[in-house]
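Enquirer: First the structure, which I've put down as structure tokens, then a few questions once you've had a look.
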Amino acid sequence: MTFDPNRRNLLRNSVTLGAGGTIVLSLIGPTFAEEDKGEEKEPEVSATEDLMRGHGIIRRALLVYYEVLPKLRTKPASVNAAALQQIAKLFRTFGEDYHERMLEEQHIFPLLRKHGQEFLRYVDILTEQHNRGREITDYILTVTKSGKISSLHAKPLAEVFESFLVMYENHAAREDTIVFPAWKKNFTDKQLDQIAAQFEDIEHKIFGKDGFDEAEKTISSIETTLELSDLSKFTAPAPPKV
Ligand SMILES: [Fe+2]
Ligand SMILES: [Fe+2]
């Protein structure tokens with residue numbers, strides 16, 4: 001058996017082995033010693049950071065939808081439907097199947113449902129928005145499947161992109177500032193480390209590798225294809241002089 005010097009893996013190993021204190025300590029010893037020697041290790045990713053950087057991938061996908069809006073309204077035949085299909089697939093696998101279903105709906109929402117009426121209502125709305133998002137992704141996958149956006153679908157698709165963007169920006173912003181902080185308060189730092197390790201396990205089980213890194217590569221490549229990779233392009237113009 002080999003042990004990764006990454007602390008999340010270390011914690012996972014200790015969790016997997018159970019409460020056998022002696023065994024766990026004997027495993028921890030050499031690993032920290034390796035760290036002392038200055039061996040390279042990946043930085044830790046906390047549970048909430050994991051969730052929030054998931055939102056980063058989701059937001060970048062939504063921004064691609066936003067960027068195609070002008071073309072969709074004026075020259076729908078020139079829209080790169082294959083790139084939109086790729087975005088929708090990424091949204092499905094990383095955003096909906098992993099981030100929403102496996103992390104939020106399995107780990108975050110059930111606990112918050114016990115936090116009183118206000119959170120119960122919040123979680124109900126967030127769950128409804130996940131479900132609406134899945135319907136929207138089904139629709140995007142369908143209308144982009146042929147490789148062209150038909151003039152029949154162009155206007156409704158543009159409207160769907162706009163309302164999806166507004167819904168999800170509100171959704172993710174509330175999760176980042178209200179839902180995740182409230183959830184996090186239920187745990188000690190040590191428990192949060194263990195949950196972070198569980199999240200990483202789920203990620204590896206679903207994607208067979210680092211799902212975040214792969215998703216980031218995919219979104220970067222789509223942004224490059226659509227000439228959206230230059231961040232400076234999005235710097236706002238100076239406001240009018242008054
Ligand atoms: Fe969510
Ligand atoms: Fe989320």
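The values are calculated or read from the model by the stated rules, or taken from the named source; none is laboratory data. All figures in this text were calculated on a predicted structure; none of them were measured in a lab. Every residue, glycine as well, gets a Cβ built from its backbone with ideal geometry; the counts of neighbours run over all protein chains shown. Surface areas here come from the heavy atoms of the whole protein model, side chains and all, with no ligands, DNA or RNA. Shrake-Rupley method; radii C 1.70, N 1.55, O 1.52, S 1.80 Å.
Enquirer: Hey, what did region 95-242 get for relative contact order, percent, Cα under 8 Å, at least 6 apart?
Expert: Over region 95-242, the number comes to 23 percent.
Enquirer: For region 59-85 and region 157-175, write down the distance between their C-alpha centroids in whole Å.
Expert: The two parts, judged by their Cα centres, are 15 Å apart.
Enquirer: Can you sort Val179, Val160 by solvent-accessible area, 1.4 Å probe, largest first?
Expert: Val160, Val179
Enquirer: To continue, here is another question. Could you order the peptides 203-209, 162-168 from most to least packed, using the average number of other C-beta atoms within 10 Å per residue?
Expert: Ranked from most to least packed, the peptides come out as 162-168, 203-209.
Enquirer: Let me ask you something else. With a point put 7 Å past each Cα toward its Cβ, work out how far Asp213 is from Ser232 in nm, to one decimal.
Expert: Going from the Asp213 label point to the Ser232 one covers 3.0 nm.
Enquirer: Considering only protein heavy atoms, what per residue accessible area in square angstrom results for region 112-242 with a 1.4 angstrom probe?
Expert: 61
Enquirer: Could you tally the net charge around Ala81, taking each other residue with its Cβ under 9 Å from the Cβ of Ala81, Lys/Arg +1 and Asp/Glu -1?
Expert: Taking every other residue near Ala81 into account, the sum is +2.
Enquirer: Got a number for carbon plus sulfur as a percent of region 150-218's accessible area, 1.4 Å probe?
Expert: Answer for region 150-218 is 55 percent, counting heavy atoms of protein chains only.
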